[in-house]
Amino acid sequence: MAGPAALLLPLLAWLFSVRWPHRWLPLIGLLLTVTLSAIGLFISAAPVLMILSAALALAGWDLLLWEQALSGDLPAAALSRLAYSHYTSLAVAILLGLLVTLAGRLLRLQLPFGVLIILVLLVLFSLERLWHTLGD
């Protein structure tokens, strides 16, 4: 029961936020979805559904807050470039996060915490360099 509810909640929060735009509604949707995903993991729901649910909640939360933050006085060309850049970065972040999470579910590596921190910093630096290269 938690699996389908956790997948449908981001959609419902998005629909309510589009109809009644309030700053707190995306955050509530995010918190409820992540909570349902965590509960789903504790009651042995399908982990893939819980991971997808959390990713959808994060994407919905980001898109709703980004849309609410846009000002209406931007020229169409600038808004188009800004939207393309934002959507591209969000898609890359969500896809890479899902790939890393799913890979972590499949691979079991025993790494010391310090080595793990260094690897995370290396990946973050590499992604930042890649993003700047793609932006030029």
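Taking helices (runs of 4 or more DSSP H) that do not extend beyond the range 39-136, which have at least 2 residues that are in contact with a helix residue (DSSP H, G or I) (Cβ under 7 Å, 6 or more places away or on another chain) and modelled with pLDDT of 80 or more? Show your work before the answer.
On the way: elements: 47-69, 76-106, 113-135.
Result: 47-69, 76-106.
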First in the range 79-91 and over 16 Å from residue 133 (Cα atoms) and open to solvent by 60 Å² or more (accessible area, probe 1.4 Å), second anywhere and assigned to a helix (DSSP H, G or I) and modelled with pLDDT under 85, Cβ under 9 Å, 6 or more apart: 87/63
Subset tally (residues that are among the charged types (D, E, K, R) and open to solvent by 100 Å² or more (accessible area, probe 1.4 Å)) for the range 92-128: 2
Cross-chain or 6+ apart pairs with Cβ under 6 Å, the range 30-53 first and within 20 Å of residue 94 (Cα to Cα), then open to solvent by 60 Å² or more (accessible area, probe 1.4 Å) and aromatic (Phe, Trp, Tyr): 30/61
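The values are calculated or read from the model by the stated rules, or taken from the named source; none is laboratory data. Keep in mind that what you see is a predicted model, and the values were worked out from it rather than measured. Cβ atoms come from the backbone with ideal geometry, glycine included; neighbour counts cover every protein chain shown. These area figures cover heavy atoms from the full protein model, side chains too; ligands, DNA and RNA do not enter into them. Shrake-Rupley method; radii C 1.70, N 1.55, O 1.52, S 1.80 Å.
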